[in-house]
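The values are calculated or read from the model by the stated rules, or taken from the named source; none is laboratory data. This is a predicted model, so every value here is computed, not measured. Note that we place each Cβ from the backbone using ideal geometry, even for glycine, and neighbour counts take in every protein chain shown. Just the protein is used for accessible areas: all its heavy atoms, side chains included, with ligands, DNA and RNA removed. Shrake-Rupley method; radii C 1.70, N 1.55, O 1.52, S 1.80 Å.
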Amino acid sequence: MSALSLPFLSCTFSSTYPFFISLNSSFSSLIPFQRVKLFGSTSKATTRSFFLTARAMAELVKDKESGVAAAGGGKMDIEHSRTFLEARSEEELLSGIKKEVEARRLPSNVAAGMEEFYRNYKNAVFQSEDPAAAETVLSNMAVALDLMLLDVEDPFVFQPYHKALREPFDYYMFGQNYIRPLIDFRNSYVGNLSLFYEIEEKLKQGHNVVLFSNHQTEADPAVIALLLEKTNPHIAENLIYVAGDRVITDPLCKPFSMGRNLICVYSKKHMYDVPELADMKRKANIRSLKEMALLLRTGSKLVWIAPSGGRDRPDPVTGEWNPAPFDSSSVDNMRRLIESSGAPGHMYPLALLCYDIMPPPSKVEKEIGERRIISFHGAGLSVAPEVAANCEKSEEVKDVFTQALYKSVTEQYNVLKSAIHGKQGLEASTAGIALSQPWN
């Protein structure tokens, strides 16, 4: 991920990585924050019930600081500014950005990104014509800007395996609340809902499941969770995303990433952006793969990966959007991890259509801090029956398996495109892809 503030993400692993590696290393755990029960189950969520007020956010920030101290982290070195939490209008929010720059607590380039972020988010939410749009924008952006500033003051460091931070501040629900107003649920669809129930049953039985998916925006994790939160909250909240390093380094992305379960890796697309760091990145990826192997050994894990190695982008000639081709080495490495875990494993093709909400730049960018373009739009999610891998290990068989997954994703994507962009709605359903709107 590296477009807006969200995950997510994708990567491809080099086929030269040693997969059958020693798993006796350990990693430091996250600080055990105290629990603050201010949020309900996402399965019962409604748009208004999850809006955070600035006052509630202020209390949660206090709890976070005390939680860090109670966990042995000591007193925070920097007293957190309350500029954004105390804002009661758009003018106060925007002047607060300038105030933090003048106080030298906020770099000017980050400040410029935050202001653009605000204006684009406001425009998108107002497209929904929701009577509460102004209140929603002020509330959500006050929290978002505060969390971004908090990370600039005291940067969060992600471990190879990052478990979503749900307490004392619920970063997961923060991301849900922020993206929810951007989805036009009247023009959104889920394909093959019954298969998501099937996946949940396999997880309950101790099986591992991998979702091989295309990747469209940094809001993908929130879109997936929002479309499934009513019917499949376990999937929504427990899905583990294989995430590129850009979403855990960009200060405008990090607060959203902190609310997701992540396996943090370096994408091959950015492996040599800084040549002298390539060796460090490869070693970091091996550590992350070890962590994933350990997780899969315990069973009941659900992993999302985009084997394309990045977000889909429009055809430079036609302007049409289609899933980017899958990398066979990435698919095969994930298959090997599943097969060597000791638990039964299943591989499903997943299609996602949501690029209108937060489209990436037209080309892959090396620099962190791309422009954030945001819109209110319908979104779609679909899963197809699992694809069984051939036991043979030849390159030809690997390619055939990869193409089978990709073909399924493309077919599902085209159905979603007909429903959303073609305005066919539920009538776009086919014999193999049944669309529904389970939130109605």
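The set of residues in the range 275-296 that are in contact with a Leu (Cβ under 7 Å, 6 or more places away or on another chain) and among the small types (G, A, S) contains only A293. Checking the range 131-141 against the condition returns no match, with no residue being open to solvent by 10 Å² or more (accessible area, probe 1.4 Å), touching a Pro at 6+ places or on another chain (Cβ under 7 Å) and in contact (Cβ under 8 Å) with a residue 60 or more places away in the chain.
For the range 281-308, the set of residues classified as small (G, A, S), closer than 13 Å to N333 by Cβ and surrounded by fewer than 22 Cβ atoms within 10 Å (Cβ to Cβ) consists of A293 only. Taking the range 85-101 as the range and being part of a loop (DSSP other than H, G, I, E, B) and open to solvent by less than 60 Å² (accessible area, probe 1.4 Å) as the test, the residues that pass are L85, A87, S89. Of all residues in the range 233-251 being part of a helix (DSSP H, G or I) and open to solvent by 10 Å² or more (accessible area, probe 1.4 Å), which is modelled with the lowest pLDDT? Among them, the one singled out is D245.
On the given criteria, is K230 more than 17 Å from H162 (Cα to Cα), touching a helix residue (DSSP H, G or I) at 6+ places or on another chain (Cβ under 7 Å) and open to solvent by 10 Å² or more (accessible area, probe 1.4 Å)? Judged against the criteria, K230 is a match. Comparison of Y161, Y171, Y189 shows that the only residue that is within 30 Å of M347 (Cα to Cα), buried (at least 17 other Cβ atoms within 10 Å of the Cβ), in contact with an Asp or Glu (Cβ under 8 Å, 6 or more places away or on another chain) and aromatic (F, W, Y) is Y161. Listed by first and then second residue, the pairs with beta-carbon distance under 8 Å, at least 6 apart or on different chains, first residue in the range 172-198 and over 14 Å from Q127 (Cα atoms), second part of a helix (DSSP H, G or I) and charged (D, E, K, R), are Y172/E237. Filtering the range 121-130 to residues that are open to solvent by less than 20 Å² (accessible area, probe 1.4 Å) and in a loop (DSSP other than H, G, I, E, B) leaves nothing.
All of (1) modelled with pLDDT under 80; (2) farther than 21 Å from S213 by Cα hold for M258 with one exception: (1). Contact map, the range 217-228: residues that are at pLDDT 95 or above paired with residues that are open to solvent by 10 Å² or more (accessible area, probe 1.4 Å) and among the acidic types (D, E), Cβ distance under 9 Å, separation 6+ or inter-chain. Pairs shown: A225/E237. Summed over the range 400-436, residues that are over 12 Å from V383 (Cα atoms), open to solvent by less than 40 Å² (accessible area, probe 1.4 Å) and outside any helix (DSSP H, G or I) total 1.
Scan the range 98-131 residue by residue and report those that are of a type in the set (F, W, Y) and closer than 12 Å to R372 by Cβ. Selection gives F117, Y118, Y121. If the condition is being part of a strand (DSSP E or B), more than 15 Å from the chain's Cα centre (by Cα) and of a type outside the set (A, V, I, L, M), then the range 172-221 contributes Y189, G191, N208. Among the residues of the range 375-399, those identified as at pLDDT 95 or above and aliphatic (A, V, I, L, M) are A379, L381, V383, A384, V387. If you go through the range 102-120 and keep only what is hydroxyl-bearing (S, T, Y) and either open to solvent by 50 Å² or more (accessible area, probe 1.4 Å) or in a loop (DSSP other than H, G, I, E, B) (or both), you end up with just S108.
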